[in-house]
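Undergrad: I'd like to ask some things about the structure below.
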Amino acid sequence: FKMIYSNVVEMLDKIGNNHSTVSDQVDQIKTNFRDSMWHVITDQIFNLTLCPEFEQGKDLIMFFNDFVKNLDKKINHLKYVRIAVNCSRQFENIDEGIEFLKNLEDRLKISEAATLFLKVSIAEKYLSLGEYNKCLDLLEEVEGSLKALNDIDQIVYSELYKTLALYYRRKEKFSEFYQN
């Protein structure tokens, strides 16, 4: 893990300058990066990626590729994936967003919760494309995996059932949702 502090500061300054409403958040990330406060940075980055200023443009994608991507060994893997999912919303082409997320799978082999959350997020993108079979296949795979696991973060279950509800609503198979 070799990120030169000056390069990180420069990249974060660019984000802060382009989006002045988040400049205080960016300054806090810089300070905590310098002090290697990874847990705090993780939460700060997650909150930053939720900001409405990033609904347009490609700054989050650049931010992820230039900075966050290299933190995969330092920060919580589930939060890492949630940050990536937030960043993936900037892709105008949903297929590009899916590829962006799929490229993270190899980095996350050690965290089952992160991998499952990632698969559910990819399934949701397939649903947006109307690729119902791919969506349902992934959701069923995740559901099967969850049955065999214990102690998985509740956010994974929440995301799974939210996406299943969206799937059944889109397919207008409401009774099947309540049976499952």
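Undergrad: Just wondering, is there one or more residues in the range 133-152 that are farther than 30 Å from residue 45 by Cα and touching a Phe, Trp or Tyr at 6+ places or on another chain (Cβ under 7 Å)?
TA: Yes, that holds for at least one residue.
Undergrad: Which of the numbered conditions does residue 150 fail, given that it passes all the others? Conditions: (1) exposed (fewer than 15 other Cβ atoms within 10 Å of the Cβ); (2) assigned to a helix (DSSP H, G or I).
TA: Residue 150 satisfies every listed condition except (2).
Undergrad: Now for a different question. Assess whether residue 96 counts as being farther than 25 Å from residue 43 by Cβ, acidic (Asp, Glu), open to solvent by 10 Å² or more (accessible area, probe 1.4 Å) and assigned to a helix (DSSP H, G or I).
TA: Against the criterion (farther than 25 Å from residue 43 by Cβ, acidic (Asp, Glu), open to solvent by 10 Å² or more (accessible area, probe 1.4 Å) and assigned to a helix (DSSP H, G or I)), residue 96 qualifies.
Undergrad: Do the conditions hold for residue 138, that is, is it free of Cβ contacts under 8 Å to residues at least 24 places away in the same chain and buried (at least 18 other Cβ atoms within 10 Å of the Cβ)?
TA: yes
Undergrad: Being of a type in the set (D, E, K, R), open to solvent by less than 90 Å² (accessible area, probe 1.4 Å) and either part of a helix (DSSP H, G or I) or touching a Pro at 6+ places or on another chain (Cβ under 7 Å) (or both) is the filter here, so list the residues in the range 1-58 that pass it.
TA: Once the filter is applied, which keeps residues that are of a type in the set (D, E, K, R), open to solvent by less than 90 Å² (accessible area, probe 1.4 Å) and either part of a helix (DSSP H, G or I) or touching a Pro at 6+ places or on another chain (Cβ under 7 Å) (or both), the range 1-58 yields 13, 27, 30, 43, 53.
Undergrad: Here's a follow-up. With the condition kept exactly as written, say whether any residue in the range 65-73 is modelled with pLDDT under 90, outside any helix (DSSP H, G or I), charged (D, E, K, R) and more than 11 Å from the chain's Cα centre (by Cα).
TA: yes
Undergrad: Would you mind telling me which numbered condition in (1) part of a helix (DSSP H, G or I); (2) buried (at least 20 other Cβ atoms within 10 Å of the Cβ) residue 128 fails?
TA: That leaves (2) as the condition not met.
Undergrad: Just for the range 158-173: of the residues that are in contact with a Leu (Cβ under 7 Å, 6 or more places away or on another chain) and either surrounded by fewer than 16 Cβ atoms within 10 Å (Cβ to Cβ) or among the aliphatic types (A, V, I, L, M) (or both), which one is nearest to residue 132 (Cα to Cα)?
TA: 170
The values are calculated or read from the model by the stated rules, or taken from the named source; none is laboratory data. Source: prediction; values computed, not measured. Note that each Cβ is placed from the backbone with ideal geometry, even for glycine, and that neighbours are counted across all protein chains shown. Accessible surface areas use protein heavy atoms only, side chains included; no ligands, DNA or RNA. Shrake-Rupley method; radii C 1.70, N 1.55, O 1.52, S 1.80 Å.
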